[in-house]
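Undergrad: Mind looking over this structure? Questions follow.
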Amino acid sequence: MAGPRTASLVELECRGVTGPVRMLRRRKGRSPRESLAEKRRRARKILRRLAAAYPDAKTALNFSSPLELLVATILSAQCTDTRVNQVTPALFRKYRTAADYARAAPGVLERDIRSTGFFNAKAKSLRRAGAAIATEHGGRVPDTMEALLALPGVGRKTANVVLGNAFGKDEGFVVDTHVGRLARRMGLSRETDPEKVERDLNELVPRGQRAMAAHRFIFHGRQVCHARRPLCEKCPVLPLCPRVGVA
Ligand code: SF4
């Protein structure tokens, strides 16, 4: 008869047992060896701690409709949410429908969004997405992953943001620069490609929790797990984090 199963380092670590904490720290900088079930349990513990730290996490982009969120998310590429929020009030007053973006005069939309950077490419995406929404979806932003991904300039990150925040559909994990960095440091993914990171995180976090989990990762990335100097000594996740790649 098989004896009681020996708990893994990660399981013990998750229970707050001090010995394995030391052992995990000795493996600092490397992903812990753990099964998918162990990694899921560790991810759940991490998210519980982040939920306690950031109970009210939500998207920082201001919007009042799916179209506004779609536009704001397209503008947020390579740009801070703060900057986007400075541009969108006037933009949303001026462009009220998808068709308004589609028929914006050459140069005008570019000028209206100039301060968000990469304005030529973003204006092209807004015009083309606006035209597709107006002609193929009756002016309404579609609410399925497939239809959103078919819109010009819309990738999985934008689609997940819109589905999760404008439609309350928890389809996939939003992976931006913060989420990707944290997933790798926490040993939840080894990937650098955002779609592969999302695939790994979707394996660990069930539907229904992904949108909030992504918000909490982003808050944590902004406030504690900074790109250059993560504040590990202040981090509520420290006992569960192998700090992969952190000096
Ligand atoms: S701040 Fe340090 S301990 Fe916390 S998640 Fe980032 S790398 Fe891990």
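Undergrad: Quick check on my filter: what residues within region 145-197 are among the basic types (Lys, Arg) and touching a Ser or Thr at 6+ places or on another chain (Cβ under 9 Å)?
TA: Lys157, Lys169, Arg184, Arg190, Lys196
Undergrad: Also, quick follow-up: Among the numbered criteria (1) exposed (fewer than 15 other Cβ atoms within 10 Å of the Cβ); (2) modelled with pLDDT of 95 or more; (3) assigned to a helix (DSSP H, G or I), which one does Arg96 miss?
TA: (3)
Undergrad: Scan (1) part of a loop (DSSP other than H, G, I, E, B); (2) closer than 25 Å to Ala37 by Cβ; (3) at pLDDT 95 or above for the single condition His226 breaks and write down its number.
TA: It is condition (2) that His226 fails.
Undergrad: Which numbered condition in (1) in the same structural domain as Gly187 (by TED's automatic domain parsing); (2) part of a loop (DSSP other than H, G, I, E, B); (3) within 14 Å of the ligand (Cβ to nearest atom) is the only one that Pro206 fails?
TA: Condition (3) is where Pro206 drops out.
Undergrad: Could you please give the count of residues in region 37-55 that are touching a helix residue (DSSP H, G or I) at 6+ places or on another chain (Cβ under 8 Å) and farther than 14 Å from Met212 by Cβ?
TA: Final tally of qualifying residues: 6.
Undergrad: Now, a different point. Take Arg216 and decide whether it is over 11 Å from the mean Cα position of the chain (by Cα) and assigned to a helix (DSSP H, G or I).
TA: Answer is no for this residue.
Undergrad: Scan region 228-242 and tell me whether some residue there is touching a Pro at 6+ places or on another chain (Cβ under 6 Å) and either of a type outside the set (Asp, Glu) or more than 16 Å from the ligand (Cβ to nearest atom) (or both).
TA: For region 228-242, residues touching a Pro at 6+ places or on another chain (Cβ under 6 Å) and either of a type outside the set (Asp, Glu) or more than 16 Å from the ligand (Cβ to nearest atom) (or both): present.
Undergrad: Going through Ile133, Ile113 one at a time, which residue ends up being closer than 28 Å to Phe219 by Cα and not assigned by TED's automatic domain parsing to the domain that holds Val197?
TA: Matching residue, one of Ile133, Ile113: Ile113.
The values are calculated or read from the model by the stated rules, or taken from the named source; none is laboratory data. Predicted model, so just to flag it, every value in this text is computed and none were measured. Ideal geometry is used to build each Cβ from the backbone, glycine not excepted, and the neighbour counts take in all protein chains shown.
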